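Structure first, then comments.
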Amino acid sequence: MAGAIFVLGVGAIYVNYAADADRQRVRETGGHTTVWGRAPEIIRARYATADGKEHESLLLVSGWWGIARHFHYVPEITLALAWSLPAGFTHFVPYFYVTFLTILLTDRATRDDKRCRKKYGSYWTSTAGACRGRSSRRVLRCLSRRQSVADRQSLIFLACAACISFFSSSGVSVAGRS
């Protein structure tokens, strides 16, 4: 079991660095490189800054970034889970971090998505068709309806309360006592 958890953690670190390296390499070479052994699929997104200057960004939509728009959050959450798994399943406390991180990064992905949609416009919208992974889209859409900081804090509180309630009702000790 320890070996599998170790492999999961190292795999998450590798995927995180590989995804970031692909994106950086594509931007540094202007898209003249390979991603997973093929020419990268990119969207050349034009945008204007507040001072009116036109710029262009390369949006990578292949490799790891073809799976989901904010793919780099997946290995981060996976690594947090790998850190929690050695504690077993008798207490909620070790899983608080992975639960909190999942809620935090889901909220951040929603905010990033709104910012990028505003910045890139139709270019950003076209990345949705290019990215295959949309399983979390329903969750993100639900979370994006919550606009205020108070609502986000309430959501985090409710998620933590739901987790505590689940672990308490399943006979698992939340406070470390049986």
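The values are calculated or read from the model by the stated rules, or taken from the named source; none is laboratory data. Note that the structure is a prediction, hence the values are computed from the model and not measured. Don't worry about glycine lacking a Cβ; one is built from the backbone with ideal geometry, like all the others, and counts go over all protein chains shown.
One table, with the values for the structure above:
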{"item": "Residues of segment 41-55 satisfying the condition of being basic (K, R) and assigned to a strand (DSSP E or B)", "result": "R44, R46"}
{"item": "Hits in segment 1-31 - residues which are within 17 Å of the chain's Cα centre (by Cα) and either hydroxyl-bearing (S, T, Y) or closer than 17 Å to E56 by Cβ (or both)", "result": "Y14, Y17, R23"}
{"item": "Qualifying positions in segment 56-112 - in contact with a strand residue (DSSP E or B) (Cβ under 8 Å, 6 or more places away or on another chain), among the small types (G, A, S) and either part of a loop (DSSP other than H, G, I, E, B) or free of Cβ contacts under 8 Å to residues at least 40 places away in the same chain (or both)", "result": "S62"}
{"item": "Single residue of segment 24-67 satisfying the filter (surrounded by fewer than 17 Cβ atoms within 10 Å (Cβ to Cβ), touching an Asp or Glu at 6+ places or on another chain (Cβ under 9 Å) and hydrophobic (A, V, I, L, M, F, W, C)) that is nearest to K119 (Cα to Cα)", "result": "A48"}
{"item": "Test result for P86, closer than 21 Å to I13 by Cβ, surrounded by fewer than 14 Cβ atoms within 10 Å (Cβ to Cβ) and not aliphatic (A, V, I, L, M)", "result": "yes"}
{"item": "The one condition in (1) modelled with pLDDT of 85 or more; (2) of a type in the set (A, V, I, L, M); (3) surrounded by fewer than 14 Cβ atoms within 10 Å (Cβ to Cβ) that L158 fails to fulfil", "result": "(1)"}
{"item": "Flag if T127 is among the polar types (S, T, N, Q), surrounded by 14 or more Cβ atoms within 10 Å (Cβ to Cβ), within 21 Å of R23 (Cβ to Cβ) and modelled with pLDDT of 85 or more", "result": "no"}
